[in-house]
Amino acid sequence: MKNTYFLTTAIDYSNAPPHLGHAYEKITADVIARHQRLRGKDVFFLMGLDEHGTKNEKAAKEKGVSPEVHCDEIAEKYIETWAKLNISYDSFIRTTEEKHKEAVKKIFIRLQEQGDIYKKSYQGLYCFGCEAFYLEKDLDEKGLCPDHKRAPELVSEENYFFKITKYKQKIKEHIINNPGFIQPESRKNEVLNLLEDFEDISVSRETVKWGIKVPGDDKQVIYVWLDALNNYITALGFESNDDSNFKKFWPARVQIVGKDILRFHAIIWPAILFALGIDLPECIYSHGFITIGGTKISKTIGNVIKPEDLINKYQTDGLRYFIIREMNYGNDGDFAAEFNEDKSFSKCEILENRVNADLANNLGNSLNRIVSSILAKNCEGIVPERFLEAEKDFPDFIEKTKDKVGESMDKFALQDSVISVWDLVNKLNKYIDSEAPWNLAKRAAEDSSVTPYFHGVLYTCLETLRIIAILASPYIPEITQKLWEQLGINESLQAQNWDNIKWGILKSGTETKKGDLIYPRIDSKLADKSKKRSS
Ligand code: MSP
C-alpha cells in the first residue's frame, strides 16, 4: 500500500472572507493531516479558493473593483486566517492561476474530443446560489431552491453539455461496491437517489463573464463547477509540464466537503474522473454544518462569526479543541454563541466550560502541578528514575489509547479520537489526586525508602504528559508545543512519530523547564462583572 496520503478540502468561494463554517472544515482537515503525518504518512494537504463564477463577479461589482482585485484581497484574507488557525496545508490553489486554467482547458478539449462534451440548446431552472440547474421535483414545496430558499430563474442558453448519463451505471456500481467511498455511510442513499434522475449537465455559461473561456468559443465560459472540481488534480500538476505530484499522490485518500456539495463530489466529480480514465478518490467525506443558535450562518441574519473573534478570545487551540470535541463530524452541530447589541460576537459559554475543564484544568494543571511545582521543589526540575510499582496500568492504558485514537481517526471519527486522548488526560489527573505526590514528598523527606516510589510517581506523570503531547498535537499544536518545551526534551515535537508513543522513552536526568500556564482559564463571567462595575 502506498505511503502517501493526499487529502483535500472544498475550495471556498472568494465572494466573502471566511466565516466559522469555512474554518470548521479546514480545522477538521488539518487535524487529519497532522495525525497522518504523525503516523508516518507522506501527506499532501491541499486547500484553495474557487475564484470564478457569478458569485465572485457580483461581489467584485458590489465593491466597485475588478474581479482580479477582489479575488486578490479575499485570498490575502483567507491565507491570513488559515495561518492564524495553524492550518498546515502543503499547497493552496487559486482557480485564477494560469497553471490551473490551462489544465482545465486541456481537460475540456479532451472530453470534447472523445464525445463526452457536446453542444445543445437548453432551458432550465437555475439557482445562482448553487450555480446549478434544478429539476422541478428537486425544489421544495414552494418551488424554492432547498438550500438557498430562493426561486430559481428560468435560463435558456445554447450550452456545452457533459455526458454524465454515460457514467451513471459505473458510478452507481462504484458506490455500491466500495462501502468506504461515500462517508458517512448514512449519506450514501441520498446520493444513490439523486443519481437515479441525474441528467447530462451543462458545463458552460453564456451569461457569465468571469471564468475560463471555452476553448474555441469565446462567447462561453466553462461552468464554475467543472472548473473548480478539477483543482484537485490540476494542483498536483495534471495536464502540466510537471505531473510528478499527480503520479505520486493521486488518488486522494479523502476529499472533505460539506453536505451541501456532496452531490457535486459524489456524482459529477466521479463522472469527470471516469471520463478522463483516472482512479476515483478512496473516500469523499461529507461533514455536517455548524449552525449558530440553531440557525444557518448567514450575512442577512447577522450571525456570521469571524474566526478571528474566537481566536482573540479563546486562542487558536481553544477553538480547534472545542470544534473537534463538541461537534460530531458527520452531523450538524450548534455553536451556541451570544452576541452584543451591535451584533459583534460576545461569548460562547459551552466553549468556555469545555476549554476550562479540559485544557486549563485537566491538562494545564496536571503539567503545572508536576513540573513547575513538585518537580522543581523536590528534584531540581530533573526527571527522576522509573519505578515499576508506581506505573500501575499506565503502559497498557497508553497502548490501548494509541490503538483507539488510530482506529477512530481512520474512520474520521474525530470526536471519538479526541475523547480517547482526554480519557488519558483525565486518568493522569486522577492519578495525581490519588497518589498525592506532595504528601509522598513529605514522607520521602522523613523516610528515604519512600523516595523510589515518589520518584516513580513523578516519572509516570511526566512520561504520560510526554505521550499526551504527541497524541494531542494534531488537535492543539500550540498548547502541546508549550507543554513539550516545559518537559525539556531535546528532540522537537514535530520530529515525533507514532513509534514514539511507547512507554519508557523519556530519559531520567532530563532537565524540565518551569513555565507559564499552557492555557489560562477563560473567565467571561468575571470580565462581564468588571465591565458592569466600571460602567
Ligand atoms: N466553491 C464551492 C466548493 C467547490 S469545491 C471544488 C463552495 N464554496 S463555499 O465557500 O460555499 O463552501 C466551502 C465549504 O465550506 C463547503 O464544503 C461548505 O459545505 C463548507 N461550509 C460553508 N458553511 C458551512 C457551515 N456553516 N458549516 C460547515 N461547513 C460549511 O461550496
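Charge dipole of the chain (Cα centre as origin; +1 on each Lys and Arg Cβ, -1 on each Asp and Glu Cβ, all else neutral): 540 debye, rounded to the nearest 20. Taking 0.36 nm per residue of sequence separation and removing the Cα-Cα distance, the residue 301/residue 158 pair yields an extension gain of 47.8 nm. Note on the chain: dipole from Cβ charges, positive end direction compared against 323, 255, 134; the farthest Cα belongs to 323. Among beta bridges identified by DSSP and lying wholly in the chain, the antiparallel ones come to about 50 percent.
Taking the Cα centre of region 265-371 as reference, the dipole from Cβ charges on Lys and Arg (+1) and Asp and Glu (-1) amounts to some 120 debye. The magnitude of the dipole of region 349-470, with charges of +1 and -1 set on the Cβ of Lys/Arg and Asp/Glu and taken from the Cα centre, is near 200 debye. To the nearest ten degrees, helix 168-177 and the longest principal axis of the Cα atoms of the chain are 20 degrees apart.
A Förster radius of 45 Å combined with the Cβ-Cβ distance from residue 485 to residue 102 puts the calculated FRET efficiency at roughly 0.45. Zone of residue 170 (label point 7 Å along Cα→Cβ, backbone N under 18 Å): which residues in region 100-128? Answer for region 100-128: 107-118.
Among the listed pairs 142/299; 170/404; 99/343; 392/514; 392/482, a Cα-Cα separation exceeding 31 Å is found for 170/404; 99/343. When restricted to Cα atoms, the chain yields an Rg and a Dmax of 26.6, 94 Å, respectively.
From the alpha carbon centroid of region 440-491 to that of region 155-205 is 53 Å. Against the chain, whose longest principal axis comes from its Cα atoms, helix 98-113 is set at around 50 degrees.
Considering only alpha-carbon pairs that sit under 8 angstrom and 6 or more positions apart, the relative contact order computed for region 324-398 is 12 percent.
The residues packed around residue 130, meaning those with a beta-carbon under 11 Å from its beta-carbon, carry a net charge of -1 if Lys and Arg are +1 and Asp and Glu are -1.
Pairs exceeding a 32 Å alpha-carbon distance, out of 26/106; 137/347; 101/402; 119/248: 137/347; 101/402; 119/248. More than 27 Å apart: what percent of Cα pairs in region 299-434 qualify? Tail fraction, whole percent: 37. Taking the Cα centre of the chain as the origin and placing charges on Cβ (Lys, Arg +1; Asp, Glu -1), which of 192, 489, 509 is farthest toward the positive end of the dipole? Most positive-ward Cα: 509. Relative contact order, whole percent, for the chain stands at 15, derived from Cα pairs under 8 Å and 6 or more residues apart. Separation of region 225-241 and region 359-379, taken as the distance between their Cα centroids, equals 50 angstrom.
Remark on the chain: 71, 283, 348, 379, 461 stand apart, with no other cysteine beta carbon under 4.7 Å. On the basis of the beta-carbon distance and an R0 of 30 Å, residue 177 and residue 411 show a calculated FRET efficiency of 0.95. Of the residues 477, 123, 339, the one whose Cα sits farthest toward the positive end of the charge dipole of the chain, with +1 on the Cβ of Lys and Arg and -1 on the Cβ of Asp and Glu, is 339. Seen from a random direction on average, the alpha-carbon convex hull of region 111-218 projects onto 8.3 square nanometres. When the chymotrypsin sites (Phe, Trp or Tyr not before Pro) in region 173-227 are filtered for DSSP coil states and for at most 12 other beta-carbon atoms within 10 Å of their beta-carbon, no site remains. When only alpha carbons are used to place a centre, region 384-421 and region 83-140 end up 43 Å from one another. Hey, what angle do you get for helix 524-534 against the long axis of the chain, alpha-carbon based, 0 to 90 degrees rounded to 10? Between the helix axis and the principal axis of the chain, the angle is about 90 degrees.
For residue 58 and residue 243, a Förster radius of 35 Å and the Cβ-Cβ distance give a FRET efficiency of 0.50, rounded to the nearest 0.05. Each of residue 193 and residue 68 was given a label point 7 Å from its Cα along the Cα-to-Cβ line. The distance between the two points is 4.7 nm.
Only the coordinates and a few stated rules stand behind these numbers; no lab work does. None of these values were measured; they are calculated from a predicted model. Here Cβ is always computed from backbone atoms with ideal geometry, including for glycine, and neighbour counts include all displayed protein chains.
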